[in-house]
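Data first, discussion second: the structure below is written as structure tokens.
No value in this document is a laboratory result; all are computed from the given coordinates. All figures in this text were calculated on a predicted structure; none of them were measured in a lab. Glycine gets a Cβ as well: all are built from the backbone with ideal geometry, and neighbour counts include every protein chain shown.
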Amino acid sequence: MTLTEEELTLLRSMFDLARTGDTARLAEAVDAGIPVNLTNDSGDTLLILAAYHVHPDTVAALLERGADTARVNDRGQTALGAAVFRRSERTVRLLLDAGADPALGPRSALDVARFFDLPEMLALLTAGKAAVDS
């Protein structure tokens, strides 16, 4: 199936909504049939972009609609890794609560926390594991 230029423009605009945190319009579009796991040519999903640009409300709305926390972009990054990099505690918690794996991907959230010396993020990522191990 070949998409028209108008359809491609509409789909591309979804990534802008994720980047800017336009939660209402993005949620409306997903509810109307735009794939929640729409991916751009760099492998970024709407969730990855919302997490990277620190829009926890948008992240929450996408998760409520079934966004996949296990998607890895072409640079080996996940939404959780992006949230850790941006030091967004609320977004990290949302993603962890949704089942995001801190060890997933070649540039995992754990790797990001360690590489950039983010002890508060590392503590968030390992808190659940410590509770399970004890």
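Of the options Gly66, Leu122, Gly81, report the single residue whose Cα projects farthest towards the positive end of the charge dipole of region 3-134 (beta-carbon charges: Lys, Arg +1; Asp, Glu -1). Positive-end residue among those listed: Leu122. Only the Cβ atoms of Lys and Arg (+1) and of Asp and Glu (-1) were treated as charged; on that basis the dipole of the chain about its Cα centre amounts to roughly 440 debye. For region 87-100, putting each phi into the Karplus relation 6.51 cos²θ - 1.76 cosθ + 1.60 with θ = phi - 60° gives couplings of 6, 9, 4, 4, 5, 4, 4, 4, 5, 5, 4, 8, x, 4 Hz, in residue order, rounded to whole numbers and with x for Gly and Pro. Going from the residue with the fewest nearby Cβ atoms within 10 Å to the one with the most, Val54, Val112 rank Val54, Val112.
Scaling against 2.2 N^0.38 Å puts the C-alpha radius of gyration of region 15-55 at 1.04. With both labels modelled 7 Å from their Cα along Cα-to-Cβ, the Thr2 to Glu120 distance reads 5.3 nm.
Only Cα pairs under 8 Å and 6+ residues apart enter the sum, and on that basis the relative contact order of the chain stands at 18 percent. Take the Cα pairs of the chain, get the Kirkwood Rh, then feed it into Stokes-Einstein at 4 °C and 1.567 mPa s and tell me D in µm²/s. Rounded, D is 87 µm²/s. When both region 55-128 and region 18-41 are represented by their alpha-carbon centers, they are found 19 Å apart.
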